[in-house]
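Peer 1: Please read through the structure below; I'll follow up with questions.
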Amino acid sequence: MAFTDGSAEAAYDAFASAYDDFTSGYRYERWTGRLLERAEEAGLRGARLLDVACGTGWSFLPMLDRGFRVTACDISQPMLDIARSKTGDRAKLLVADMRELPDLGRFDLVWALNDPLNYLLSTEELEATLTGFRRNLAPGGIALFDINTPVTYRTFFSRETVVEEAGRRMVWQGQSTAGEVRPGSFHEAWLEIEGEEGSGHVHRQRYFPEAEVLAGIEAAGLRCVQVYGELEGELSTPLDEEAHSKAVYVCST
């Protein structure tokens with residue numbers, strides 16, 4: 001299967017230099033720790049991590065400090081360059097499209113955090129991505145990822161958010177409306193760093209309802225162990241897509 005859409009790559013290439021400033025309030029250590037606990041509850045035993053769509057490294061830096069051996073990939077070279085500046089040779093970093101994830105080894109944990117799978121544009125792309133996760137899992141390995149729910153598209157993707165950090169003013173202008181959220185719907189936001197030419201770009205995401213995600217997991221040859229709902233950093237079950245802002249899926253081979 002060949003994929004030609006490069007909207008996510010272009011969006012993050014343009015955003016790379018400001019990404020850490022825009023997400024400076026995110027509690028990386030706490031969030032990754034909670035997800036690691038859920039993976040361990042699902043049977044995680046080893047310490048080999050493949051971080052897919054790793055961005056500037058926030059999702060694997062705490063894992064290095066926890067003793068994990070990390071391989072990480074992203075579609076955006078500028079994002080990886082920033083990640084490499086933080087890690088040096090502590091992690092193996094490479095450019096890869098998660099829709100065509102190569103065989104990178106056998107990992108105890110494969111994860112993709114902070115909604116990268118919502119940038120996929122179809123259920124076929126979702127299945128291809130999850131198949132890549134399975135292909136890279138060691139026997140008994142755990143795959144974990146999060147997906148945005150309608151709550152996020154009715155809030156963050158439908159309003160303006162301004163972040164001022166390190167002398168820069170970043171403006172996220174959501175372009176969705178509450179009534180547009182339905183299975184398979186697309187949602188866009190314009191993100192721009194004021195005064196920096198060429199920094200503006202559209203972020204386009206697709207809403208994958210729980211039924212589509214579960215079908216994709218099964219088609220990829222994975223087994224869904226648990227589905228959590230996330231709200232303000234707390235995880236609970238069962239998932240309520242009208243109350244939780246994210247869904248977190250934990251899978252095994």
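The values are calculated or read from the model by the stated rules, or taken from the named source; none is laboratory data. Just so we're clear, the structure is a prediction, and the values are computed from it rather than from any experiment. Cβ sites come from the backbone with ideal geometry, for glycine too, and all protein chains shown count toward neighbours.
Peer 1: List the number of the failed condition for Gly184; all other conditions in (1) surrounded by fewer than 17 Cβ atoms within 10 Å (Cβ to Cβ); (2) in contact with a strand residue (DSSP E or B) (Cβ under 8 Å, 6 or more places away or on another chain); (3) among the small types (Gly, Ala, Ser); (4) on the phi < 0 side of the Ramachandran plot hold.
Peer 2: (4)
Peer 1: May I pose another question? Name every residue in the stretch 42-57 that is touching a residue at least 40 places away in the same chain (Cβ under 8 Å) and under 21 Å from Leu117 (Cβ atoms), in order of residue number.
Peer 2: Result: Ala42, Leu44, Leu49, Leu50, Asp51, Val52, Ala53, Gly55, Thr56.
Peer 1: Looking at the stretch 82-98, I want the residues that are closer than 30 Å to Glu125 by Cα and have a partner that is at pLDDT 95 or above and surrounded by fewer than 20 Cβ atoms within 10 Å (Cβ to Cβ) with Cβ atoms under 6 Å, at least 6 apart or on another chain. Which pairs are those?
Peer 2: Leu93/Arg84; Val95/Gln77
Peer 1: Any residue that is within 30 Å of Phe186 (Cβ to Cβ) and in a helix (DSSP H, G or I) - is there at least one of those in the stretch 99-111?
Peer 2: Yes, the stretch 99-111 has at least one match.
Peer 1: Among the candidates Arg206, Arg182, Arg169, single out the residue that is out of contact with any Ser or Thr (no Cβ under 7 Å at 6 or more places or on another chain) and more than 20 Å from Ser245 (Cα to Cα).
Peer 2: None of the other options fit; the residue is Arg169.
Peer 1: Oh, and also: Quick one: is Gly184 at pLDDT below 95 and farther than 23 Å from Arg134 by Cβ?
Peer 2: Judged against the criteria, Gly184 is not a match.
Peer 1: Quick one: Glu196 ticks every box in (1) under 23 Å from Phe157 (Cα atoms); (2) in a strand (DSSP E or B) except a single one, so which number is it?
Peer 2: For Glu196, the failing item is (2).
Peer 1: Any residue at all in the stretch 1-16 that's touching a residue at least 40 places away in the same chain (Cβ under 8 Å), over 22 Å from Glu188 (Cβ atoms) and not assigned by TED's automatic domain parsing to the domain that holds Pro116?
Peer 2: Yes: one or more hits.
Peer 1: Can you tell me how many residues in the stretch 50-69 are assigned to a strand (DSSP E or B) and buried (at least 24 other Cβ atoms within 10 Å of the Cβ)?
Peer 2: Residues in the stretch 50-69 being assigned to a strand (DSSP E or B) and buried (at least 24 other Cβ atoms within 10 Å of the Cβ): 3 in total.
Peer 1: Within the stretch 112-125, how many residues turn out to be in a helix (DSSP H, G or I) and surrounded by fewer than 18 Cβ atoms within 10 Å (Cβ to Cβ)?
Peer 2: Number satisfying all stated conditions: 2.
Peer 1: Please determine whether any residue of the stretch 33-49 is buried (at least 22 other Cβ atoms within 10 Å of the Cβ) and outside any helix (DSSP H, G or I).
Peer 2: yes
Peer 1: Same structure, new question: So Asp240 passes all but one of these: (1) part of a loop (DSSP other than H, G, I, E, B); (2) closer than 28 Å to Tyr19 by Cα; (3) acidic (Asp, Glu). Which condition number does it fail?
Peer 2: Unmet for Asp240, out of (1) part of a loop (DSSP other than H, G, I, E, B); (2) closer than 28 Å to Tyr19 by Cα; (3) acidic (Asp, Glu): (2).
Peer 1: Right, something else. Of Asp103, Asp89, Asp108, which residue is acidic (Asp, Glu), touching a strand residue (DSSP E or B) at 6+ places or on another chain (Cβ under 7 Å) and over 24 Å from His203 (Cα atoms)?
Peer 2: From the options Asp103, Asp89, Asp108, the qualifying one is Asp108.
Peer 1: Mind listing whichever residues of the stretch 70-98 are assigned to a helix (DSSP H, G or I) and surrounded by fewer than 22 Cβ atoms within 10 Å (Cβ to Cβ)?
Peer 2: Hits for the stretch 70-98 are Gln77, Pro78, Asp81, Ile82, Arg84, Ser85, Lys86, Thr87.
Peer 1: With Glu230, Glu197, Glu242 as the choices, which residue is of a type in the set (Asp, Glu) and farther than 30 Å from Thr253 by Cα?
Peer 2: Glu197
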